[in-house]
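The values are calculated or read from the model by the stated rules, or taken from the named source; none is laboratory data. Note that the structure is predicted; figures quoted are calculated from it, not measured. As a convention, Cβ positions derive from the backbone with ideal geometry for all residues, glycine included, and neighbour counts pool all protein chains shown. To get the accessible areas, we keep the full protein, side chains included, count just its heavy atoms, and leave off ligands, DNA and RNA. Shrake-Rupley method; radii C 1.70, N 1.55, O 1.52, S 1.80 Å.
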Amino acid sequence: MVSEQGRVYYITTPIYYPNAEPHLGHAYTTVFADVMARYHRMIGDETFYLTGTDEHGLKLQQAAERAGEHPKDFVDRMAEIYKRYWRMLDISYDRFIRTTDDDHVRVVEHAISEMHRKGLIYKGRYSGWYCVSCEKFYNASEYLMIDGRPYCPIHRKPLEWVEEETYYFKLSEFSDFLEKVLRDYDIVYPRHFAHEVLNKLRESDLLDVSVARPKERVWWGVEVPFDRDFTVYVWFDALLNYLTGAGFLTDGERFRRYWPSAHHVIGKDILWFHTAIWFAMLKALDLPLPRKVLVHSFIINKGLKMGKSAGNVVRIEDLISRYQDSDGVRYILTRIFNLGKDVEVSTSLLDSIYNSELADNLGNLVRRVAVLIRKKSSGEVTSESLEPRLAAKAEETIRKYNELMSSYEVSRAAQAVMDLLREANAYINEVRPWEASDPERALYNLAEVIKVAASLLAPITPKTSQRLSSALGFSISNPSKVNFEGGSLYKVSEAPILFRKVRG
Ligand code: ME8
């Protein structure tokens, strides 16, 4: 199913904690969302891509303390670092939202006041085991017991006992609502993640959640408007960024247009927050639910989820230099992207994708075809008609690619393009244009395939597609409408070596 003209596509990533620089795990989500955003822009949808940083709360307060800085100076500096990484990876976000932005702070104040007015927020005492790294309370069925002490199941660090006054959000009132939407609505994708949340809801009674911290403990946050001794819990604050980004409270018309098309891309670690808690918050505000929550699995390294606390992070800049440029990394991340399964990222896996698909399959074909057009056809090719086998393969690829992209299967979409290029490589070896006395038609066919591949790859490898379009003299087309007919003229100005092979 291909989107029609005039449709709106609003896509978001989680807003990351800027207590440290982003690593390959963050790039995994951000590149996937970028590929989807670029694809939807290319097929003519009015697209808005939101990413940003989650800047309040104890974790950031402590990180700033450790750095000897005021939290605002610390997050100002770190937000710039995030933006720099996303520039390095060619991320085409439309807004980089920060939870310290004024319009967002107003949304948080409004939301908590509104829920308080409706009787959905009440004061109480809280006690429980807290993980500062997750910014989350864990109950006995969730934490690990190690040497008689509760540990965070994600960070494997001892939990902290917290006992304090708080404000609760009446999550318990939304139990039937959550049961119904998770069971009957097609929002969470892949579906098994909805079942995971449903099972958790059914296992035990849904408890109210604490949504405020005493200021004397966590002063770095949005003040609770009706009780200035408290700050808003960082997750309650953070989730609302998706509303701020769509123009909630600042631009009602834009909000009504964008919000119903919201697609939240998240890792499976934050599924509960983005379904149970977020859906209940929206209901409490009488707002519609997002269109989709797209949940992906983890990239793991040496058997553990990649993360700072596991000490197994792969640095984005190291991969950018190993794989030539941002496009090498974007392509590899797209190829290993998996909604359902965790993926172990070994150097040998990444090298083999890069070498066989980008350097050999795409790179060699382009180089050979461009060199041959210059040598054997004075730098130009045209033809009235096309070789039917390649034409059929190209048409099938375009159809398959669009179907896969509309169902978030970016890795399989990239592989479909690689299959087309493999077919073109087989064709060139068969027809041997370097020996032919009049190879123009064969070279024309190959240039057409390169144009199709460059258009389909544009959301994934934008710079490479641009380079191909100027080297061979064509323009990148809408991937839902690439035409594969005779009659074009290709003027080759350069025979680029796109990707140099790496060796182990
Ligand atoms: O949770 N594999 O921020 P965060 C795949 N601020 N994805 C990974 C990953 C890995 N090894 N490591 C990180 C937060 N990610 C909150 C979010 S949203 C309202 C608030 C990605 O900095 C993945 O998308 O801990 C995961 O959900 C996110 O980074 C967590 O980022």
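Counting residues in the stretch 299-309 that are more than 20 Å from the chain's Cα centre (by Cα), among the aliphatic types (A, V, I, L, M), outside any loop (DSSP other than H, G, I, E, B) and modelled with pLDDT of 95 or more gives zero.
Please specify each residue of the stretch 116-126 satisfying the condition of being assigned to a strand (DSSP E or B) and open to solvent by less than 60 Å² (accessible area, probe 1.4 Å). Once the filter is applied, which keeps residues that are assigned to a strand (DSSP E or B) and open to solvent by less than 60 Å² (accessible area, probe 1.4 Å), the stretch 116-126 yields Ile121, Gly124, Tyr126. For Leu240, the stated conditions hold: it is within 11 Å of the ligand (Cβ to nearest atom), assigned by TED's automatic domain parsing to the domain that holds Phe96, within 19 Å of Ile97 (Cβ to Cβ) and open to solvent by less than 20 Å² (accessible area, probe 1.4 Å). Being within 17 Å of Asn478 (Cα to Cα) and crowded, with 24+ Cβ neighbours inside 10 Å, is that true of even one residue in the stretch 398-407? The answer is yes; a qualifying residue exists.
The conditions of being of a type in the set (D, E, K, R) and open to solvent by less than 20 Å² (accessible area, probe 1.4 Å) are met by Glu55. Taking first residues from the stretch 53-74 that are under 16 Å from Ser133 (Cα atoms) and partners that are among the polar types (S, T, N, Q) and modelled with pLDDT of 95 or more, the Cβ contacts under 7 Å between residues at least 6 apart in sequence or on separate chains come to Asp54/Thr99; Glu55/Thr99; Glu55/Thr100; His56/Thr99; Lys59/Asn19; Leu60/Asn19; Ala63/Asn19. Checking the conditions here, which among Leu271, Leu287, Leu333 is more than 11 Å from the ligand (Cβ to nearest atom) and aliphatic (A, V, I, L, M)? Selected residue: Leu287, the only one of Leu271, Leu287, Leu333 that is more than 11 Å from the ligand (Cβ to nearest atom) and aliphatic (A, V, I, L, M).
Number of residues in the stretch 244-268 that are more than 10 Å from the ligand (Cβ to nearest atom), aliphatic (A, V, I, L, M) and under 18 Å from the mean Cα position of the chain (by Cα): the value is 2. Assess whether Ser92 counts as being polar (S, T, N, Q), open to solvent by 10 Å² or more (accessible area, probe 1.4 Å) and not in a helix (DSSP H, G or I). Yes: the conditions hold for Ser92. At least 1 residues being free of Cβ contacts under 8 Å to residues at least 24 places away in the same chain is the threshold, and among the helices (runs of 4 or more DSSP H) wholly inside the stretch 221-296 those reaching it are 252-258, 278-284. Scanning the stretch 143-176 for residues being within 29 Å of the chain's Cα centre (by Cα), surrounded by fewer than 15 Cβ atoms within 10 Å (Cβ to Cβ) and either within 25 Å of Arg202 (Cβ to Cβ) or of a type in the set (Val, Ile, Thr) (or both) gives a total of 1.
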